[in-house]
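One structure is given below, encoded as C-alpha cells.
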Amino acid sequence: MGFAQILANGVVLGTLYACIAIGFSLVWGVLNVINMLHGSFIVLGGYLTYFAWASTGISPVIILPVVAVALFVLGYALQYLFINKVVTAPVLTTLTLTFGLDMILYNLMTVFFTATPRRVSLDYGRIDALGVSMPVDRLIGMGLALVLTGLLFLVLKTSRIGRAIVAVRMDREAAALMGIRVNHIYATTFAIAALMAGAAGAVFAMVFPVTTNLSGVFLGKAFVICVIGGLGGVSGALVGGLALGIIESFAGVIVGPQNAITIGFLIMLFLLIVRPTGLVGVKGYE
Amino acid sequence: MTTQGTSHIKAKTLAAALGAVAAASLAAPAMAQDVLKIGAPLALTGGLADEGHKQELVWKMWSDKVNAAGGIDVGGTKMLVEIVEYDYQTDGKRAGQLAEKLINDDEVDVLMAPFGSGHTKIVAAVAERYQIPLVACVSSSTEVFNQGFKYLFGTLAPNSGMTEAMVAEFKETMPELGTIAVYGRDDVFPKSMATAISAAASGAGIEVVYEELYPVGAIDHSAALSTIKSMSPDWVYMTGYTQDLILGRKQMEDLGIEAPIITMVTGPAYKEFTEGLGELANGVSSSTWWHHATGYTDVSGAWDSTDAFYQAFLEASGGEDPDYVHGSCAAALDVVADAVTRAGSVEPTAVRDALAATDLETFYGPIKFGENGMNEGREMPIIQVQGGEIKILYPESIADAEMMVIE
C-alpha cells in the first residue's frame with residue numbers, strides 16, 4: 001500500500017488529534033490544572049452537535065460555533081464557581097476536583113443521551129487523487145481543526161485577553177501587580193479551553209460516532225499529545241497531534257493496529273526521559 | 001419545659017417504633033422464604049449502560065408478569081420473585097464486589113450475570129466461590145465456560161457454532177469466495193469471534209489474507225483498512241462494539257473497499273447499528289443468537305410464543321424492537337423459574353442440579369445446557385441488512401431472504 005496514503009491518513013488524523021489536545025494543553029500550561037473534564041467536554045460538544053443536526057438538519061459546520069459558545073459559558077461557570085476556589089492548591093487537589101466534576105458530567109450525559117453511539121451522517125463521499133483516497137468529511141474536519149487552531153493562535157498572540165493569558169502563564173504574581181484580574185483570566189482560559197473542546201467535539205461528530213465512553217479515550221490522547229508536543233502553546237498541541245497521528249498511522253501498518261497505540265506511548269516515555277518539555281514546549285512547563 | 005416534655009414523649013414513641021421495626025425485621029427471615037431473590041449486578045451507567053438497561057427492562061417485564069400471575073410454583077407453594085439489582089458502573093472489579101454483596105448481604109438465591117463475556121467471567125468466579133447458581137444471558141465465549149465452573153450456565157450458544165455455519169452458508173451462495181480479511185477488537189468476545197472465523201475459513205479452504213486485532217481504545221481504523229483495501233479480499237469480517245463497527249463500515253466506504261461480503265459481528269443485531277449507518281448498513285451480514293422474527297410457538301415460560309414476547313416488548317419499550325440481549329435475558333429467567341420449580345426449593349445445590357438438567361422450549365428457542373454450562377440446543381440465525389430491514393438467511397427453517405452480495 002502506498003506511502004502517500006499512510007502519510008495522508010496520519011496527517012488528517014493528526015490534525016484532528018491536535019484539535020482534541022489544544023484546550024487541554026492551554027489549561028495545563030496556564031492554570032497548572034490537569035483538566036479531567038476535557039474528554040467529557042469533547043463528547044458533550046459532539047452530542048450537542050448531533051442532536052442539533054438531527055432535529056434541525058442544519059449543517060454541523062454552522063452548529064459548531066453555537067456549540068462552542070455554549071461550552072464557553074459552561075467552562076467559565078465551572079472555573080469561576082468551583083475550580084478557582086482551589087486553583088492555587090497542589091495539582092492533586094485540582095485533579096481530584098475536575099475528576100469529580102467529570103464523573104458528574106459523564107453520568108449526566110449517560111442518563112440524558114444514553115451511551116448509544118450517534119453519528120452525524122453527512123456521507124459526502126471521497127476524493128481520489130495521486131493514489132490517495134480521502135473522505136470529504138474528514139477533509140472538512142481537518143480544515144475546521146486548522147482554522148480553530150489558527151484562530152486561537154491569533155487570539156493569544158494579538159488580543160488583549162490573549163496577552164493577559166500569556167502574562168498570567170509566565171508569572172501570576174507579576175501579572176496581578178500589573179492590574180490583571182487573575183481569577184477572570186483563569187476563568188476565561190478555562191472557558192476558551194472548553195470552547196475548543198466543544199468545537200473539537202463538533203468536528204469529531206462529523207467523522208466518528210460519538211458515545212460517552214469515548215471521553216476517557218480522548219483524555220488519554222490529549223495527555224499523550226501534550227507530553228509529545230509540549231505544554232502551554234498552540235504549536236505544542238499541533239506538533240504533538242501531528243506526530244501522534246503520523247506515528248499511529250505508520251505503526252498501524254508496520255506493526256499492526258494492536259500495537260500502534262503502544263508505540264505512541266513508548267515515544268511519549270522516551271520523550272519524557274530525553275526531552276521533558278516536549279518537542280516544541282516552552283522551558284519551565286515540563 | 002413544654003417543649004422538653006413533648007420531645008421526651010416523642011423520643012419514647014420513636015423508641016417504641018424502632019422496637020417494633022426491629023421485631024418485624026427479626027421476623028423477616030421466615031417471610032423471606034416466600035420470595036425468590038434473584039441478584040443482578042448491572043452496568044446501568046458507564047460504557048455498557050445501554051446494554052445494562054436492556055437487561056433491566058426485560059427482567060422487570062418478566063418479574064411483573066410472573067408476579068401478577070401469582071409467582072412461581074416451588075414445592076407446592078407460590079413464590080413471588082424479587083430482582084435485587086445494583087449498578088456496577090461498567091467497572092468489572094465493582095461487578096465482582098457487588099456480586100459478593102448480593103450473596104452475603106442480600107442473601108439472593110440465584111445470580112444473573114451482567115453484559116459481556118469479560119464481566120461475566122468476573123462474576124462467575126464469585127458465584128463459584130460461594131456456590132450460588134449464576135445464569136449468564138450475554139456471554140458466548142468458550143473462555144468463560146471452560147474454567148470448570150459448576151454453578152455457571154449460559155443461554156447463548158458457543159461462538160464457534162456461529163462461524164462454521166456462516167462459512168458454509170456463504171461458500172454455498174458464493175462458490176468463488178476465496179479470501180477473507182479478519183479485523184477484530186482485542187476484547188474477550190470480539191477476539192474470540194475473530195479467532196473462530198479465521199479457523200473456520202481456513203478449514204473451508206478460504207485464504208485468510210489479513211488477520212489483526214485493534215486495541216480497545218482505538219478511535220480510528222484508517223491504517224488497518226487501507227492495508228485491507230490493498231489486498232482486495234472477497235470477504236471482510238470485522239468484530240467489535242457498535243461504535244467501532246459504525247466507524248469501520250463508514251471508513252471502508254471512505255477508503256473505497258469493495259468487498260462483496262461484509263460481515264460485522266454483531267452490528268446488525270443492534271438497531272443502533274442500522275440507525276447509525278443508514279444506507280451504508282445495507283448488505284452487512286452478521287450472526288446473532290436470536291431475532292424476533294423467529295417464530296417459536298406453544299412454548300413454556302412467561303410468554304408462550306415469540307410473538308407474545310415481541311408484542312409485550314413493544315408495549316414496554318414504547319415501540320422499539322427487541323434484540324438478542326432482550327430475548328436471551330428474558331429467557332434466562334424462564335430457565336431459573338423452571339429450575340427452581342423442578343428443584344422444589346431455593347437451596348443453591350438443588351437449583352444448580354436442576355439447572356444442569358434443563359431441557360426447555362422457550363420463546364427464545366430451545367435451551368439445554370452442555371457439559372460446560374453453555375446452551376447447546378441452538379441453531380443461530382445469520383442475518384443481513386436488506387433495504388434497512390433485518391432479514392434472516394439461515395437456518396432454512398426460519399429464513400426469509402436470499403443472501404445479497406454488496407455491489
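Helical content alone sets the calculated 222 nm signal of chain A at -25000 deg cm²/dmol, taking -39,500 (n - 2.57) per DSSP H segment of four or more residues and averaging over every residue. With Rh defined as the Kirkwood radius, the inverse of the mean 1/r over Cα pairs, the Rg/Rh of the stretch A:179-286 is 1.03.
Taking a point 7 Å from the Cα of B:ALA204 along the Cα-to-Cβ direction, the residues of the stretch B:367-384 with backbone N closer than 19 Å to it are B:378-384. Principal axis analysis of the Cα atoms in the stretch A:135-227 yields extents of 50, 26, 22 Å, listed in decreasing size. Springs between alpha-carbon pairs under 10 angstrom, Gaussian network model over chain A: which of A:ALA193, A:ALA202, A:ALA167 fluctuates most? Answer for the Gaussian network model of chain A: A:ALA167. Considering only B:LEU333, B:LEU277, B:LEU156, the mean-square fluctuation computed in a Gaussian network model of chain B, springs between alpha carbons under 10 angstrom, is largest for B:LEU277.
Once the 1.4 Å probe is applied to the protein heavy atoms, the protein assembly as shown comes out at 39 Å² accessible per residue. Less than 13 Å Cβ to Cβ from B:PRO215, Lys/Arg counted +1 and Asp/Glu -1: what total charge do the surrounding residues give? Within the 13 Å Cβ shell, the charges total -3. Can you give the angle from 0 to 90° between the axis of helix B:117-130 and the longest principal axis of chain B, with both taken from C-alpha atoms, to the nearest 10? Its long axis makes an angle of about 40 degrees. Applied to the stretch A:2-9, the Karplus parametrisation 6.51 cos²θ - 1.76 cosθ + 1.60 on θ = phi - 60° returns per-residue 3J(HN,Hα) values of x, 4, 4, 5, 5, 5, 4, 3 Hz, with x for Gly and Pro. Compared with the dominant Cα axis of chain A, that is its longest principal axis, helix A:60-78 is turned about 30°.
Specify the inter-centroid distance of the stretch B:235-304 and the stretch B:118-183, based on alpha-carbon positions, in whole Å. For the stretch B:235-304 versus the stretch B:118-183, the Cα centre distance is 18 Å.
Using just its DSSP H runs of length 4 or more, each adding -39500 (n - 2.57), chain B gives a mean residue ellipticity at 222 nm of -14500 deg cm²/dmol after division by all residues.
Each residue of the stretch A:119-131 was assigned a 3J(HN,Hα) from its phi angle through the Karplus curve 6.51 cos²θ - 1.76 cosθ + 1.60 (θ = phi - 60°); the sequence is 9, 7, 8, 8, 6, 7, x, 9, 10, 10, 8, 6, x Hz, with glycine and proline shown as x.
Taking the C-alpha atoms only, the angle from helix B:222-231 to the longest principal axis of chain B is near 40 degrees. Only one residue of A:GLY179, A:VAL69, A:ILE247 has its Cα farthest out toward the positive end of the dipole of the protein assembly as shown, where Lys and Arg carry +1 and Asp and Glu -1 on Cβ, and that residue is A:GLY179. Can you tell me which of A:GLY264, A:GLY45, A:GLY240 moves the most in a GNM of chain A? Springs connect C-alpha atoms under 10 Å apart. Among A:GLY264, A:GLY45, A:GLY240, the largest GNM mean-square fluctuation belongs to A:GLY264. Solvent-accessible area assigned to carbon and sulfur over chain B amounts to 52 percent, based on a 1.4 Å probe. For the stretch A:91-96, backbone phi angles converted through the Karplus equation (6.51, -1.76, 1.60; θ = phi - 60°) give residue-by-residue couplings of 4, 5, 5, 5, 4, 5 Hz, Gly and Pro being listed as x. Over all projection directions, the Cα-based convex hull of chain B averages an area of 23.7 nm². Taking the Cα centre of chain A as origin and assigning +1 to Lys and Arg Cβ atoms and -1 to Asp and Glu Cβ atoms, the resulting dipole is close to 460 debye. The modelled label-to-label distance for the pair A:ILE58/B:ASN67, using points 7 Å beyond Cα in the direction of Cβ, is 4.6 nm. Chain A packed on chain B takes about 2900 Å² of accessible surface away from a 1.4 Å probe, both sides summed. Per-residue SASA remark: A:ILE263, around 50 Å² accessible (1.4 Å probe; ligands, DNA and RNA not included). Taking 18 Å as the cut-off for C-alpha to C-alpha distance, list the pairs among B:LYS37/B:LYS78; B:LYS93/B:LYS121; B:LYS271/B:LYS391; B:LYS171/B:LYS229; B:LYS37/B:LYS93; B:LYS101/B:LYS150 that go past it. Listed pairs above 18 Å: B:LYS171/B:LYS229; B:LYS37/B:LYS93; B:LYS101/B:LYS150.
The values are calculated or read from the model by the stated rules, or taken from the named source; none is laboratory data. Small disclaimer: the values here were computed from a predicted structure and weren't measured. Using ideal geometry, Cβ is built from the backbone for each residue, glycine included, and neighbour counts are taken over all protein chains shown. For accessibility, only protein heavy atoms count, side chains too; no ligands or nucleic acids. Shrake-Rupley method; radii C 1.70, N 1.55, O 1.52, S 1.80 Å.
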